[in-house]
Amino acid sequence: MRKILGAVLAILFSTGMIEAQTAAAPAKPFFIHCGTLIDGKSDQPHKNVFVEITGDKITAIPAAVPGTAKVIDLSNETCLPGLIDTHTHVLLNGDITSEDYDAQLLKQSPEYRTILATVNARRALGYGFTSIRDLETEGAGYADVDVKKAINNGVIPGPRMHVATRALNVTGAYPLLGYAPNVKVPHGVQVVDGPDEARKAVREEISYGADWIKVYSDHSYFVKKDASGRDILDDTPTFTIDEMRAIVDEAHRQHHKVASHATALTGVHNSLEAGVDTIEHGDYISDEDLKTMAARGVFYVPTIYVGVYVAQGRADAGAPVWLQMTRIHEETFRRAMKAGVKIAFGTDAGGFDWKQNPAQEFKYMTDWGMTRAQAIRSATVTAAELLGMQDQIGAIEVGKLADIVAVAGDSLKDITVLQKVDFVMKGGVVYRKGATGF
(Lines give C-alpha, C1' and ligand atoms only; values in the text may rest on other atoms or scores of the structure.)
Protein backbone atom coordinates (compact mmCIF):
# COMPACT_ATOMS: atom_id res chain seq x y z
CA MET A 1 0.00 0.00 0.00
CA ARG A 2 2.84 2.38 0.85
CA LYS A 3 4.43 1.77 -2.54
CA ILE A 4 1.11 2.40 -4.32
CA LEU A 5 0.46 5.62 -2.35
CA GLY A 6 3.97 6.86 -3.09
CA ALA A 7 3.51 6.17 -6.80
CA VAL A 8 0.15 8.03 -6.89
CA LEU A 9 1.62 11.04 -5.12
CA ALA A 10 4.56 11.10 -7.51
CA ILE A 11 2.19 11.15 -10.48
CA LEU A 12 0.07 13.95 -8.96
CA PHE A 13 3.11 16.10 -8.25
CA SER A 14 4.56 15.52 -11.70
CA THR A 15 1.31 16.52 -13.46
CA GLY A 16 0.82 19.63 -11.33
CA MET A 17 -2.34 18.33 -9.65
CA ILE A 18 -0.66 18.87 -6.29
CA GLU A 19 1.77 21.76 -5.93
CA ALA A 20 4.54 21.86 -3.37
CA GLN A 21 4.18 24.73 -0.93
CA THR A 22 7.15 26.71 -2.05
CA ALA A 23 7.49 30.48 -2.04
CA ALA A 24 6.37 32.17 -5.26
CA ALA A 25 9.21 33.33 -7.46
CA PRO A 26 9.87 37.03 -6.97
CA ALA A 27 8.56 39.34 -9.69
CA LYS A 28 11.20 40.34 -12.20
CA PRO A 29 11.77 44.10 -12.36
CA PHE A 30 11.36 46.09 -15.56
CA PHE A 31 12.12 49.70 -16.38
CA ILE A 32 10.59 52.82 -17.91
CA HIS A 33 12.89 55.29 -19.63
CA CYS A 34 11.30 58.74 -19.27
CA GLY A 35 12.67 61.54 -21.43
CA THR A 36 11.16 63.97 -18.91
CA LEU A 37 9.75 63.04 -15.51
CA ILE A 38 7.27 65.16 -13.56
CA ASP A 39 7.18 63.22 -10.31
CA GLY A 40 4.26 65.03 -8.63
CA LYS A 41 6.39 66.24 -5.73
CA SER A 42 8.56 68.90 -7.35
CA ASP A 43 7.68 71.67 -9.79
CA GLN A 44 10.98 71.00 -11.54
CA PRO A 45 10.99 68.22 -14.14
CA HIS A 46 13.77 65.63 -14.27
CA LYS A 47 15.43 64.65 -17.53
CA ASN A 48 16.41 61.23 -18.88
CA VAL A 49 15.28 59.17 -15.89
CA PHE A 50 14.96 55.38 -15.59
CA VAL A 51 12.23 54.13 -13.22
CA GLU A 52 12.37 50.57 -11.88
CA ILE A 53 9.08 48.72 -11.37
CA THR A 54 8.67 45.39 -9.62
CA GLY A 55 5.20 43.88 -9.48
CA ASP A 56 2.79 46.76 -8.91
CA LYS A 57 5.26 49.09 -7.13
CA ILE A 58 7.95 51.59 -8.01
CA THR A 59 11.18 50.21 -6.56
CA ALA A 60 13.96 52.57 -7.68
CA ILE A 61 14.43 56.11 -9.09
CA PRO A 62 16.81 56.66 -10.79
CA ALA A 63 17.43 53.05 -11.61
CA ALA A 64 20.49 51.19 -12.81
CA VAL A 65 19.37 49.10 -15.77
CA PRO A 66 20.94 45.66 -16.36
CA GLY A 67 21.84 45.00 -19.96
CA THR A 68 19.23 42.28 -20.41
CA ALA A 69 16.36 44.09 -18.66
CA LYS A 70 13.02 44.91 -20.25
CA VAL A 71 12.80 48.67 -20.87
CA ILE A 72 9.70 50.59 -22.00
CA ASP A 73 11.04 53.42 -24.12
CA LEU A 74 9.34 56.73 -23.33
CA SER A 75 12.49 58.72 -24.01
CA ASN A 76 10.57 61.14 -26.26
CA GLU A 77 7.73 61.52 -23.76
CA THR A 78 6.92 63.31 -20.52
CA CYS A 79 5.99 60.89 -17.72
CA LEU A 80 3.61 61.92 -14.94
CA PRO A 81 1.84 60.18 -12.05
CA GLY A 82 -1.45 58.54 -13.00
CA LEU A 83 -4.12 61.24 -13.04
CA ILE A 84 -6.91 61.29 -10.45
CA ASP A 85 -10.43 62.63 -11.05
CA THR A 86 -12.20 63.13 -7.71
CA HIS A 87 -15.69 63.77 -9.12
CA THR A 88 -17.18 61.48 -11.77
CA HIS A 89 -20.40 59.63 -12.61
CA VAL A 90 -19.70 56.53 -14.70
CA LEU A 91 -23.41 55.65 -14.71
CA LEU A 92 -24.44 58.95 -16.32
CA ASN A 93 -23.96 60.05 -19.93
CA GLY A 94 -24.69 63.78 -20.06
CA ASP A 95 -27.51 65.78 -18.48
CA ILE A 96 -27.63 69.31 -19.87
CA THR A 97 -31.42 69.42 -19.45
CA SER A 98 -33.96 67.52 -17.38
CA GLU A 99 -35.04 65.72 -20.56
CA ASP A 100 -31.53 64.31 -20.98
CA TYR A 101 -31.52 63.11 -17.40
CA ASP A 102 -35.08 61.78 -17.28
CA ALA A 103 -34.62 59.71 -20.43
CA GLN A 104 -31.74 57.81 -18.88
CA LEU A 105 -33.67 56.92 -15.73
CA LEU A 106 -36.97 56.18 -17.50
CA LYS A 107 -35.85 54.52 -20.72
CA GLN A 108 -32.64 52.72 -19.78
CA SER A 109 -32.64 49.80 -17.39
CA PRO A 110 -30.11 49.80 -14.54
CA GLU A 111 -28.52 46.76 -16.19
CA TYR A 112 -28.02 48.59 -19.49
CA ARG A 113 -26.70 51.65 -17.69
CA THR A 114 -24.21 49.42 -15.88
CA ILE A 115 -23.00 48.05 -19.20
CA LEU A 116 -22.46 51.63 -20.40
CA ALA A 117 -20.66 52.37 -17.12
CA THR A 118 -18.08 49.67 -17.85
CA VAL A 119 -17.37 51.42 -21.16
CA ASN A 120 -17.05 54.77 -19.36
CA ALA A 121 -14.67 53.29 -16.81
CA ARG A 122 -12.50 51.99 -19.64
CA ARG A 123 -12.59 55.42 -21.28
CA ALA A 124 -11.52 57.08 -18.01
CA LEU A 125 -8.49 54.80 -17.79
CA GLY A 126 -7.66 55.42 -21.45
CA TYR A 127 -7.72 59.17 -20.82
CA GLY A 128 -5.02 58.64 -18.18
CA PHE A 129 -7.13 58.62 -15.01
CA THR A 130 -5.86 55.66 -13.01
CA SER A 131 -8.00 56.52 -9.96
CA ILE A 132 -11.43 58.15 -9.65
CA ARG A 133 -13.96 59.00 -6.97
CA ASP A 134 -17.38 58.27 -8.45
CA LEU A 135 -19.94 60.42 -6.65
CA GLU A 136 -23.20 58.51 -6.98
CA THR A 137 -25.09 56.35 -9.41
CA GLU A 138 -27.95 58.73 -10.33
CA GLY A 139 -30.76 56.25 -9.83
CA ALA A 140 -28.79 53.07 -10.62
CA GLY A 141 -28.67 51.85 -7.03
CA TYR A 142 -25.43 50.16 -6.01
CA ALA A 143 -24.22 49.42 -9.53
CA ASP A 144 -21.02 51.41 -8.93
CA VAL A 145 -19.99 48.89 -6.27
CA ASP A 146 -20.19 46.12 -8.87
CA VAL A 147 -18.28 48.12 -11.48
CA LYS A 148 -15.56 48.69 -8.89
CA LYS A 149 -15.57 44.98 -8.02
CA ALA A 150 -15.31 43.96 -11.68
CA ILE A 151 -12.29 46.24 -12.11
CA ASN A 152 -10.61 45.00 -8.93
CA ASN A 153 -11.19 41.38 -9.97
CA GLY A 154 -9.70 41.95 -13.42
CA VAL A 155 -12.97 41.33 -15.25
CA ILE A 156 -12.89 44.72 -17.00
CA PRO A 157 -10.22 47.43 -17.34
CA GLY A 158 -10.80 50.63 -15.43
CA PRO A 159 -9.42 53.03 -12.86
CA ARG A 160 -9.11 52.39 -9.15
CA MET A 161 -12.52 53.49 -7.81
CA HIS A 162 -13.91 55.05 -4.66
CA VAL A 163 -17.71 54.96 -4.84
CA ALA A 164 -20.57 56.83 -3.17
CA THR A 165 -23.52 54.65 -4.27
CA ARG A 166 -26.91 56.39 -4.07
CA ALA A 167 -26.31 59.88 -2.56
CA LEU A 168 -28.81 61.58 -0.26
CA ASN A 169 -31.38 64.35 -0.71
CA VAL A 170 -34.74 65.39 0.72
CA THR A 171 -38.26 65.00 -0.62
CA GLY A 172 -39.04 67.28 -3.56
CA ALA A 173 -35.49 68.49 -4.22
CA TYR A 174 -34.03 66.11 -6.81
CA PRO A 175 -35.11 64.70 -10.17
CA LEU A 176 -37.18 63.12 -11.38
CA LEU A 177 -39.63 65.95 -10.65
CA GLY A 178 -42.74 67.45 -12.24
CA TYR A 179 -44.70 64.27 -12.91
CA ALA A 180 -48.31 63.80 -11.83
CA PRO A 181 -48.67 62.76 -8.17
CA ASN A 182 -50.18 59.41 -9.16
CA VAL A 183 -47.27 58.57 -11.48
CA LYS A 184 -44.49 56.80 -9.64
CA VAL A 185 -41.10 57.65 -11.06
CA PRO A 186 -37.54 56.78 -9.98
CA HIS A 187 -35.32 59.29 -8.21
CA GLY A 188 -31.67 59.94 -8.86
CA VAL A 189 -30.93 59.80 -5.12
CA GLN A 190 -31.97 58.08 -1.92
CA VAL A 191 -34.68 60.34 -0.50
CA VAL A 192 -34.50 60.83 3.27
CA ASP A 193 -36.20 63.21 5.70
CA GLY A 194 -35.27 63.75 9.32
CA PRO A 195 -32.12 62.91 11.29
CA ASP A 196 -33.14 59.31 12.02
CA GLU A 197 -33.86 58.47 8.38
CA ALA A 198 -30.60 60.17 7.43
CA ARG A 199 -28.58 58.04 9.84
CA LYS A 200 -30.28 54.87 8.66
CA ALA A 201 -29.54 55.73 5.02
CA VAL A 202 -25.86 56.29 5.76
CA ARG A 203 -25.69 52.93 7.51
CA GLU A 204 -27.43 51.22 4.61
CA GLU A 205 -25.16 52.74 1.96
CA ILE A 206 -22.02 51.83 3.87
CA SER A 207 -23.31 48.29 4.40
CA TYR A 208 -23.73 47.89 0.63
CA GLY A 209 -20.26 49.15 -0.22
CA ALA A 210 -20.16 52.97 -0.20
CA ASP A 211 -16.65 54.35 0.34
CA TRP A 212 -17.95 57.92 0.59
CA ILE A 213 -21.31 59.43 1.49
CA LYS A 214 -22.62 62.05 -0.94
CA VAL A 215 -25.18 64.68 0.07
CA TYR A 216 -26.98 67.34 -1.92
CA SER A 217 -27.01 70.47 0.21
CA ASP A 218 -28.72 72.99 -2.07
CA HIS A 219 -30.74 73.60 -5.25
CA SER A 220 -32.68 76.38 -7.05
CA TYR A 221 -29.94 78.98 -7.54
CA PHE A 222 -30.33 82.75 -7.82
CA VAL A 223 -28.08 85.81 -7.87
CA LYS A 224 -28.31 88.61 -5.32
CA LYS A 225 -26.08 91.44 -4.11
CA ASP A 226 -24.03 91.48 -0.93
CA ALA A 227 -23.49 94.60 1.20
CA SER A 228 -20.72 95.83 -1.09
CA GLY A 229 -22.81 95.39 -4.24
CA ARG A 230 -20.95 92.27 -5.41
CA ASP A 231 -22.96 89.51 -7.08
CA ILE A 232 -23.26 86.39 -4.99
CA LEU A 233 -24.96 83.12 -5.81
CA ASP A 234 -27.47 81.86 -3.27
CA ASP A 235 -29.75 78.84 -3.15
CA THR A 236 -32.53 76.97 -1.43
CA PRO A 237 -30.99 74.61 1.13
CA THR A 238 -32.11 71.00 1.23
CA PHE A 239 -31.33 69.34 4.57
CA THR A 240 -31.70 71.11 7.88
CA ILE A 241 -28.55 71.56 9.93
CA ASP A 242 -29.70 68.79 12.29
CA GLU A 243 -30.18 66.41 9.35
CA MET A 244 -26.80 67.30 7.87
CA ARG A 245 -25.06 66.86 11.20
CA ALA A 246 -26.68 63.44 11.61
CA ILE A 247 -25.37 62.37 8.20
CA VAL A 248 -21.84 63.60 8.85
CA ASP A 249 -21.72 62.24 12.38
CA GLU A 250 -22.89 58.79 11.30
CA ALA A 251 -20.45 58.66 8.38
CA HIS A 252 -17.51 59.84 10.49
CA ARG A 253 -18.47 57.44 13.29
CA GLN A 254 -17.98 54.64 10.77
CA HIS A 255 -14.71 56.15 9.44
CA HIS A 256 -16.19 57.34 6.14
CA LYS A 257 -16.03 60.82 4.67
CA VAL A 258 -18.78 63.05 3.28
CA ALA A 259 -18.80 64.89 -0.05
CA SER A 260 -21.30 67.74 -0.32
CA HIS A 261 -22.80 69.02 -3.55
CA ALA A 262 -22.85 72.65 -2.44
CA THR A 263 -23.03 75.15 -5.26
CA ALA A 264 -23.95 78.39 -3.54
CA LEU A 265 -23.85 80.46 -0.36
CA THR A 266 -26.23 78.70 2.02
CA GLY A 267 -25.49 75.16 0.88
CA VAL A 268 -21.77 75.66 1.36
CA HIS A 269 -22.18 77.30 4.76
CA ASN A 270 -24.55 74.62 6.06
CA SER A 271 -22.18 71.91 4.80
CA LEU A 272 -19.26 73.41 6.69
CA GLU A 273 -21.38 73.85 9.82
CA ALA A 274 -22.17 70.13 9.63
CA GLY A 275 -18.49 69.17 9.16
CA VAL A 276 -18.31 67.74 5.63
CA ASP A 277 -14.97 66.77 4.12
CA THR A 278 -15.27 68.12 0.58
CA ILE A 279 -17.23 70.87 -1.16
CA GLU A 280 -18.26 69.92 -4.69
CA HIS A 281 -18.79 72.65 -7.32
CA GLY A 282 -18.74 75.68 -4.99
CA ASP A 283 -19.65 78.27 -7.61
CA TYR A 284 -19.96 80.78 -4.78
CA ILE A 285 -18.26 80.52 -1.39
CA SER A 286 -18.10 83.43 1.04
CA ASP A 287 -14.75 84.74 2.24
CA GLU A 288 -15.49 83.54 5.77
CA ASP A 289 -16.34 80.06 4.57
CA LEU A 290 -13.13 79.94 2.51
CA LYS A 291 -11.20 80.76 5.68
CA THR A 292 -12.99 77.91 7.45
CA MET A 293 -12.16 75.49 4.63
CA ALA A 294 -8.50 76.47 4.68
CA ALA A 295 -8.27 76.18 8.46
CA ARG A 296 -9.97 72.76 8.60
CA GLY A 297 -8.40 71.29 5.46
CA VAL A 298 -11.75 70.90 3.70
CA PHE A 299 -11.13 70.20 0.00
CA TYR A 300 -12.67 72.24 -2.80
CA VAL A 301 -13.54 70.32 -6.00
CA PRO A 302 -14.65 73.05 -8.43
CA THR A 303 -15.72 71.04 -11.54
CA ILE A 304 -15.40 74.04 -13.84
CA TYR A 305 -15.86 72.58 -17.32
CA VAL A 306 -19.21 70.93 -16.65
CA GLY A 307 -20.69 74.28 -15.59
CA VAL A 308 -19.54 75.86 -18.84
CA TYR A 309 -20.78 72.85 -20.80
CA VAL A 310 -24.36 72.88 -19.46
CA ALA A 311 -24.87 76.65 -19.04
CA GLN A 312 -26.37 77.57 -22.42
CA GLY A 313 -28.60 74.51 -22.61
CA ARG A 314 -30.01 75.08 -19.14
CA ALA A 315 -30.51 78.77 -19.85
CA ASP A 316 -32.41 77.88 -23.02
CA ALA A 317 -34.53 75.47 -20.94
CA GLY A 318 -35.61 78.28 -18.62
CA ALA A 319 -32.78 78.78 -16.09
CA PRO A 320 -30.79 81.84 -17.28
CA VAL A 321 -28.96 82.01 -13.95
CA TRP A 322 -26.55 79.38 -15.31
CA LEU A 323 -25.07 81.98 -17.66
CA GLN A 324 -24.16 84.14 -14.65
CA MET A 325 -22.79 81.25 -12.61
CA THR A 326 -19.61 80.78 -14.67
CA ARG A 327 -18.49 84.36 -14.04
CA ILE A 328 -19.22 84.06 -10.30
CA HIS A 329 -17.47 80.69 -10.20
CA GLU A 330 -14.25 82.10 -11.65
CA GLU A 331 -14.18 84.86 -9.06
CA THR A 332 -14.72 82.28 -6.28
CA PHE A 333 -11.98 80.02 -7.65
CA ARG A 334 -9.48 82.86 -7.61
CA ARG A 335 -10.42 83.80 -4.03
CA ALA A 336 -10.10 80.15 -2.97
CA MET A 337 -6.54 79.99 -4.29
CA LYS A 338 -5.68 83.23 -2.49
CA ALA A 339 -7.18 81.89 0.74
CA GLY A 340 -5.02 78.75 0.61
CA VAL A 341 -7.88 76.27 0.20
CA LYS A 342 -6.89 72.78 -0.98
CA ILE A 343 -8.20 72.48 -4.54
CA ALA A 344 -8.52 68.98 -5.97
CA PHE A 345 -9.12 68.08 -9.60
CA GLY A 346 -12.66 66.91 -10.35
CA THR A 347 -14.67 67.14 -13.55
CA ASP A 348 -18.20 65.81 -12.98
CA ALA A 349 -17.67 63.62 -16.05
CA GLY A 350 -21.03 62.06 -16.80
CA GLY A 351 -22.58 65.50 -16.45
CA PHE A 352 -21.00 65.85 -19.88
CA ASP A 353 -20.71 62.93 -22.27
CA TRP A 354 -17.86 60.52 -21.57
CA LYS A 355 -16.79 60.74 -25.20
CA GLN A 356 -15.36 64.14 -24.23
CA ASN A 357 -11.97 64.03 -22.52
CA PRO A 358 -12.26 65.14 -18.87
CA ALA A 359 -8.72 66.54 -19.03
CA GLN A 360 -10.26 69.67 -20.59
CA GLU A 361 -10.64 70.76 -16.96
CA PHE A 362 -6.91 71.54 -16.73
CA LYS A 363 -7.17 74.37 -19.28
CA TYR A 364 -9.99 76.05 -17.35
CA MET A 365 -8.04 75.81 -14.10
CA THR A 366 -5.03 77.51 -15.63
CA ASP A 367 -7.17 80.10 -17.40
CA TRP A 368 -8.64 80.92 -13.99
CA GLY A 369 -5.28 81.53 -12.36
CA MET A 370 -3.53 78.27 -11.51
CA THR A 371 -0.03 77.65 -12.75
CA ARG A 372 0.31 74.53 -14.88
CA ALA A 373 2.30 72.89 -12.08
CA GLN A 374 -0.48 73.66 -9.59
CA ALA A 375 -3.09 72.19 -11.93
CA ILE A 376 -1.06 68.99 -12.29
CA ARG A 377 -0.66 68.73 -8.50
CA SER A 378 -4.43 69.14 -8.10
CA ALA A 379 -4.88 65.89 -10.07
CA THR A 380 -2.00 64.01 -8.45
CA VAL A 381 -0.72 64.68 -4.92
CA THR A 382 -3.69 66.81 -3.79
CA ALA A 383 -6.27 64.43 -5.21
CA ALA A 384 -4.45 61.49 -3.62
CA GLU A 385 -4.63 63.26 -0.26
CA LEU A 386 -8.37 63.84 -0.72
CA LEU A 387 -8.80 60.09 -1.26
CA GLY A 388 -6.63 59.32 1.78
CA MET A 389 -4.23 57.44 -0.51
CA GLN A 390 -1.25 59.79 -0.46
CA ASP A 391 0.99 56.95 0.73
CA GLN A 392 0.08 54.85 -2.34
CA ILE A 393 -0.63 57.10 -5.34
CA GLY A 394 -0.26 60.67 -6.56
CA ALA A 395 3.50 60.72 -7.12
CA ILE A 396 6.15 58.76 -8.98
CA GLU A 397 8.06 57.76 -5.89
CA VAL A 398 9.75 54.64 -4.51
CA GLY A 399 7.23 52.51 -2.62
CA LYS A 400 4.16 53.88 -4.33
CA LEU A 401 1.97 52.03 -6.81
CA ALA A 402 3.28 52.11 -10.36
CA ASP A 403 0.61 54.42 -11.79
CA ILE A 404 2.33 56.29 -14.63
CA VAL A 405 1.05 58.11 -17.71
CA ALA A 406 2.94 59.80 -20.53
CA VAL A 407 2.35 62.47 -23.16
CA ALA A 408 4.31 63.53 -26.22
CA GLY A 409 4.76 67.09 -25.08
CA ASP A 410 5.62 69.32 -22.13
CA SER A 411 2.60 69.75 -19.84
CA LEU A 412 4.44 72.46 -17.90
CA LYS A 413 4.44 74.57 -21.08
CA ASP A 414 1.17 73.42 -22.67
CA ILE A 415 -1.39 71.95 -20.27
CA THR A 416 -3.60 70.80 -23.15
CA VAL A 417 -1.19 67.95 -23.96
CA LEU A 418 -2.81 66.15 -21.01
CA GLN A 419 -5.79 65.66 -23.32
CA LYS A 420 -3.53 63.42 -25.45
CA VAL A 421 -2.22 60.81 -23.03
CA ASP A 422 -0.75 57.95 -25.09
CA PHE A 423 0.70 55.71 -22.37
CA VAL A 424 -1.18 54.47 -19.32
CA MET A 425 0.14 52.15 -16.62
CA LYS A 426 -1.89 51.27 -13.54
CA GLY A 427 -0.31 49.17 -10.80
CA GLY A 428 2.52 48.06 -13.07
CA VAL A 429 0.20 46.92 -15.88
CA VAL A 430 0.24 48.75 -19.22
CA TYR A 431 -3.27 49.50 -20.47
CA ARG A 432 -2.47 51.97 -23.23
CA LYS A 433 0.61 52.35 -25.37
CA GLY A 434 0.52 54.65 -28.36
CA ALA A 435 -2.29 56.39 -30.18
CA THR A 436 -4.15 53.14 -30.86
CA GLY A 437 -5.10 52.86 -27.20
CA PHE A 438 -6.06 49.57 -25.58
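Here are a few things to note about the model shown:
- ILE328 meets each of the listed conditions (1) modelled with pLDDT under 95; (2) aliphatic (A, V, I, L, M); (3) more than 28 Å from THR165 (Cα to Cα) apart from (1).
- Condition met for GLY154 (of a type outside the set (A, V, I, L, M), within 25 Å of the chain's Cα centre (by Cα) and surrounded by fewer than 23 Cβ atoms within 10 Å (Cβ to Cβ)): yes
- Residue in the range 426-438 that is closer than 22 Å to ASN152 by Cα, modelled with pLDDT under 95 and not in a strand (DSSP E or B) present: yes
- When GLY313, GLY267 are screened for being closer than 16 Å to ASP218 by Cβ, in a helix (DSSP H, G or I) and either of a type outside the set (Val, Ile, Thr) or open to solvent by 10 Å² or more (accessible area, probe 1.4 Å) (or both), only GLY267 passes.
- In the set (1) over 25 Å from LEU418 (Cβ atoms); (2) small (Gly, Ala, Ser); (3) touching a Leu at 6+ places or on another chain (Cβ under 6 Å), the condition left unmet by SER109 is number (3).
- Selection status of TYR284, buried (at least 20 other Cβ atoms within 10 Å of the Cβ), closer than 27 Å to ALA117 by Cβ and modelled with pLDDT of 95 or more: no
- Condition check for ALA227 on (1) touching a residue at least 12 places away in the same chain (Cβ under 8 Å); (2) open to solvent by 10 Å² or more (accessible area, probe 1.4 Å); (3) of a type in the set (A, V, I, L, M); (4) outside any helix (DSSP H, G or I): one failure, at (1).
- Filter result (over 15 Å from LYS400 (Cβ atoms), exposed (fewer than 15 other Cβ atoms within 10 Å of the Cβ) and not small (Gly, Ala, Ser)) within the range 24-41: PRO26, LYS28
- Meets criteria (free of Cβ contacts under 8 Å to residues at least 60 places away in the same chain and either touching a helix residue (DSSP H, G or I) at 6+ places or on another chain (Cβ under 8 Å) or over 22 Å from GLY307 (Cα atoms) (or both)) for VAL155: yes
- Here is the figure for the range 300-343: residues that are of a type in the set (A, V, I, L, M), under 14 Å from HIS281 (Cα atoms) and in contact (Cβ under 8 Å) with a residue 60 or more places away in the chain total 5.
- From the options ILE285, ILE279, residue that is in a loop (DSSP other than H, G, I, E, B) and closer than 21 Å to TRP322 by Cβ: ILE285
- Some residue of the range 364-380 being touching a Gly at 6+ places or on another chain (Cβ under 6 Å), open to solvent by less than 20 Å² (accessible area, probe 1.4 Å), touching a residue at least 60 places away in the same chain (Cβ under 8 Å) and more than 17 Å from GLN419 (Cβ to Cβ): no
- Only residues that are part of a loop (DSSP other than H, G, I, E, B), surrounded by fewer than 20 Cβ atoms within 10 Å (Cβ to Cβ) and of a type in the set (Gly, Ala, Ser) were counted across the range 42-93, and they come to 5.
- Selection count, the range 330-362, where residues are under 21 Å from TYR101 (Cβ atoms), open to solvent by less than 40 Å² (accessible area, probe 1.4 Å) and of a type outside the set (Asp, Glu): 8
The values are calculated or read from the model by the stated rules, or taken from the named source; none is laboratory data. Owing to the predicted nature of the structure, the values given are computational and were not obtained by experimental measurement. We place every Cβ from the backbone using ideal geometry, glycine too, and count neighbours over all the protein chains shown. These area figures cover heavy atoms from the full protein model, side chains too; ligands, DNA and RNA do not enter into them. Shrake-Rupley method; radii C 1.70, N 1.55, O 1.52, S 1.80 Å.
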